[in-house]
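Heads up, the thing below is written out as structure tokens.
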Amino acid sequence: MDSTFFKSLGEQQIYAGLSRNQNNIDTLASFECHYSKTHPDPFHRPSGLTCLYRNNRHLCCIFATTAPMKKLLCCIVFFVPFWALGQQDSSKWLPPPPLYYSFIDYDINTIAHPGKLDTVFKKLARIKIQKKGRVNIIHIGDSHLQADLMTSVVRSGLQDYFGSLGRGILFPYQLAASNAPHDFTVSSNTQWKSARLGIEKSVKTGICGFGIQAGKENATIKLNLKDVDDKPQFFNRLVFFLGPDSSYYSITDAALRRTVLLHSKEGADTPSIVFDADSLITGFELAKSDVPGNGAFSFYGVSLERRDTCGVLYHTIGVNGARFDHYTESALFWKQLHALNGDLFILSLGTNEAQNPTVNEAKLMATCDSMVKNIKRIAPRAIVMFTTPAGSYFKQKKPNPNVQKVSAIIAKYCDEHDLPCWDLNKVTDGAEGAAAFKKYNMLSRDLVHYTGIGYQEQGLLLLNAFADAYNVYYKKHPVKTKPKVVYEYIEHGSKRSGR
């Protein structure tokens, strides 16, 4: 908005509020600007300013209101949203927009080299239009992902539009005494030994970057998904990643409360057990049976999925303190990861690399390259996309300049290898943005991690950047629905086909 327009209103205080409609299609941002001093003519002075925005980017209209115009304004404000909805292109994907903050550059909130995502967009378009197929997205990162605050926003946006194939990969972080997402509960009848990437002990780390192990006979893990927005999180396929030995387990599903005895496959490079439930369920209890010869109970993760439908399966793998090299050095992680059949791998790392005061560009680029090569080895046709970390502080004293340096190296690697990249650091103004995140209470107390609002903003930024790239692709490559064949009965009961 032109600053001269505001100046023409005189001295004022600006208060901004933002709301989204229930259909998550448009943004209606209402800015009320009031004089901070008394106007000589209170009846005709400007008493407010209303701006209607779409996706928080394009100014649709401005109304400087006066008292005699209040009725007219009410009519306009009431009918404009309905007019805007009528103008929408129904083929466009318009997810909820991010909130507006002055330090965020929404104009550059894009994905570099978006053409490399075309194979993924093609599958997504087919799902949306023809209701066929599935897309498996695997988002790998550090502590910014472990609690699933940012990625839950992205997952919900994708699954709301394209359909849901389930919650994806989960790990019982609570049993490893670590922070966990808020949408599921876990309990057990025993204590577990644990390990995570970068801090391996006697327990190996697997597909989720964690591992737990119990020696007690009949040790159990009970997991239940909570409702999200008052909707149950259903699944009917459970893909378990357990120890490499061949053992017997019993599983009880939350719906029927029936117990089934299962025999795991030997080997670490495939899922140990794939269990298909008879109905949609929201939880399970897994126990290692008290059978002679059964060893320790090792658990690395479970993917909760929906079969016999189309949509998106979005896996989040986040590990506190993780770096690129921690993942590349974990053999079991890669042996198990290939079973998820990823179509798109999103890599969100770099914050922990930036804690090193002397970041080496050549070494970091080589580590990024090793990560990509490992992914291509297990999923040759998959697409790899990088993101850069948002700004944070160093030892809670000042914005860490190395975060911006690491981000620049990651972006450079993507440019040199023609890989898609979402530069969150640049979008949120680097080190200056870290200070702004702190100012708006979007950084947590440690000044490295973010509050729920901060992660939600980042999730919405990524979701909208991804949607914009998809819309550009779909405009160039629309998917046509197959014409329906209608049968029309004519004389003597014969029939003919027509469109």
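The values are calculated or read from the model by the stated rules, or taken from the named source; none is laboratory data. If you're wondering where the values come from, they're calculated on a predicted model, not measured in any experiment. Note: ideal-geometry Cβ built from the backbone for every residue, glycine included; neighbour counts use all protein chains shown.
On the stretch given as segment 348-405, residues that are of a type in the set (A, V, I, L, M, F, W, C), under 20 Å from the mean Cα position of the chain (by Cα) and outside any helix (DSSP H, G or I) total 7.
Using the structure shown, decide if Tyr487 is of a type in the set (Ser, Thr, Tyr), surrounded by fewer than 22 Cβ atoms within 10 Å (Cβ to Cβ) and either out of contact with any Gly (no Cβ under 7 Å at 6 or more places or on another chain) or modelled with pLDDT of 95 or more (or both). Spelling it out, Tyr487 is indeed of a type in the set (Ser, Thr, Tyr), surrounded by fewer than 22 Cβ atoms within 10 Å (Cβ to Cβ) and either out of contact with any Gly (no Cβ under 7 Å at 6 or more places or on another chain) or modelled with pLDDT of 95 or more (or both). Residue count for segment 361-389 under the criterion of being over 21 Å from Leu344 (Cβ atoms) and surrounded by 18 or more Cβ atoms within 10 Å (Cβ to Cβ): the result is 1. Among the residues of segment 173-190, those identified as in contact with a Phe, Trp or Tyr (Cβ under 7 Å, 6 or more places away or on another chain) and in contact (Cβ under 8 Å) with a residue 40 or more places away in the chain are Leu175, Asn179. Screening Lys193 with (1) over 29 Å from Arg381 (Cα atoms); (2) touching a residue at least 24 places away in the same chain (Cβ under 8 Å) gives one miss only, at (2). When Lys201, Lys288, Lys226, Lys222 are screened for being in contact with a strand residue (DSSP E or B) (Cβ under 8 Å, 6 or more places away or on another chain), without any contact (Cβ under 8 Å) to a residue 12 or more places away in the chain and within 28 Å of Asn179 (Cβ to Cβ), only Lys201 passes.
Each row is one residue, and each column tells you yes or no for (1) in contact with a strand residue (DSSP E or B) (Cβ under 7 Å, 6 or more places away or on another chain); (2) closer than 25 Å to Tyr450 by Cβ.
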{"residue": "Leu124", "(1), (2)": "yes, no"}
{"residue": "Ile129", "(1), (2)": "no, no"}
{"residue": "Asn136", "(1), (2)": "yes, no"}
{"residue": "Gly141", "(1), (2)": "yes, yes"}
{"residue": "Arg155", "(1), (2)": "yes, yes"}
{"residue": "Gly166", "(1), (2)": "yes, no"}
{"residue": "Pro172", "(1), (2)": "yes, yes"}
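Restricting the search to strands (runs of 3 or more DSSP E) fully inside segment 188-296 and requiring at least 2 residues that are surrounded by fewer than 16 Cβ atoms within 10 Å (Cβ to Cβ) and not hydroxyl-bearing (Ser, Thr, Tyr) gives 259-263, 273-281.
Among the listed residues Leu158, Leu170, identify the single one that is out of contact with any helix residue (DSSP H, G or I) (no Cβ under 6 Å at 6 or more places or on another chain), buried (at least 24 other Cβ atoms within 10 Å of the Cβ) and either assigned by TED's automatic domain parsing to the domain that holds Phe297 or modelled with pLDDT under 95 (or both).
Leu158
Scanning segment 420-434 for residues that are assigned to a helix (DSSP H, G or I) and touching a residue at least 40 places away in the same chain (Cβ under 8 Å) yields Lys426, Val427, Ala431, Glu432, Gly433, Ala434. Assess whether Thr367 counts as being farther than 18 Å from Ile207 by Cβ, at pLDDT below 95 and polar (S, T, N, Q). So Thr367 does not fit the description; no. Scanning segment 112-158 for residues that are among the basic types (Lys, Arg) and under 21 Å from Ala390 (Cβ atoms) gives a single hit, Arg155.
Taking the criterion of being in contact with a Gly (Cβ under 6 Å, 6 or more places away or on another chain), farther than 17 Å from Leu461 by Cβ, outside any loop (DSSP other than H, G, I, E, B) and among the aliphatic types (A, V, I, L, M), the residues of segment 131-178 that qualify are Ile138, Ile169. In segment 336-360, how many are at positive phi and of a type in the set (S, T, N, Q)? Looking only at that region, the number is 1. Considering segment 325-348, the residues that are touching a residue at least 12 places away in the same chain (Cβ under 8 Å) and among the charged types (D, E, K, R) include one that is nearest to Ile378 (Cα to Cα), namely Lys335. Listed by first and then second residue, the pairs linking a residue in segment 398-412 that is at pLDDT 95 or above to a residue that is acidic (Asp, Glu) and not in a helix (DSSP H, G or I), with Cβ atoms under 8 Å apart and 6 or more places separating them unless they lie on different chains, are Ser407/Asp423; Ala411/Asp423. None of Ile127, Ile108, Ile104 is crowded, with 17+ Cβ neighbours inside 10 Å, of a type outside the set (S, T, N, Q), closer than 27 Å to Ala411 by Cβ and modelled with pLDDT of 50 or more except Ile104. Candidates are the residues of segment 308-323 that are not β-branched (Val, Ile, Thr) and not in a strand (DSSP E or B); the one that is modelled with the lowest pLDDT is Asp308. Annotation: Tyr413 fulfils all but one of (1) within 27 Å of Val372 (Cβ to Cβ); (2) of a type in the set (Phe, Trp, Tyr); (3) buried (at least 22 other Cβ atoms within 10 Å of the Cβ); the unmet one is (3).
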